[in-house]
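So the structure is just underneath, and the comments pick up after that.
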Amino acid sequence: MRAMQPFHLALAVRDLQSTRDFYTGLLGCQEGRSSDVWIDFDFYGHQLVAHVTGGHEATPLPTSEVDKHAVPVPHFGVVLEWEDWHVLAEYLRGEKVEFIINPYTRFQDQPGEQATMFFRDPSGNNLEFKTFRDPDMLFDKGEDESE
């Protein structure tokens, strides 16, 4: 497998200051280029561009049921190393982040064991941070489903 390339994601935000505070202050992302209406962030090695459009806080977004949780769609995020995810989850709890879905572990002690958490930025964009006990399981389909 070749090394993954960074993705680029542009998202709508309400204002630059709360966005800057959230992504640089809370999540520790480095700020890149910016203007009066957008900011680039180094989002764990990926390019995240926040454009001031007013956000979409008032628009109810759809959800999909996963493990009896209403997962917000759309959402974006990053897959962290196991220990890094747990450190971040504890940090966010200490910062009193309001979770959409509290940090929890899926498939515990099974192949594909993973942990996940969902929360929103100040403009209503949904983020998921997840981790896999075994990073090689990221794209694994599990049991062979062919006949």
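Observations on the model:
- Isotropically averaged projected area of the chain, using the convex hull of Cα atoms (one quarter of hull area), nm²: 10.6
- Among VAL49, ALA70, VAL87 the positive-end extreme of the charge dipole of the chain (Cβ point charges): VAL49
- Under the criterion of Cα pairs below 8 Å and six or more residues apart, the relative contact order for region 10-147 equals 23 percent.
- Computed from Cα atoms, the angle from the helix 82-94 axis to the main principal axis of the chain rounds to 50 degrees.
- Sparse-neighbourhood loop sites, GluC sites (Glu not before Pro) in region 17-110 - DSSP loop, at most 16 other Cβ within 10 angstrom: GLU57, GLU81, GLU95, GLU98
- Rounded if a/c under 1.5, otherwise prolate or oblate - region 24-106, Cα gyration tensor axes: oblate
- Modelled label positions at GLU98 and VAL79, each set 7 Å beyond Cα in the direction of Cβ, lie 3.1 nm from each other.
Throughout, read-outs are computed from the coordinates displayed, never taken from laboratory work. Note that the coordinates shown come from a computational prediction; the quantities given were computed from them, not determined experimentally. Methodologically, a virtual Cβ is constructed for each residue, glycine included, from the backbone with ideal geometry; neighbour enumeration extends over all protein chains shown.
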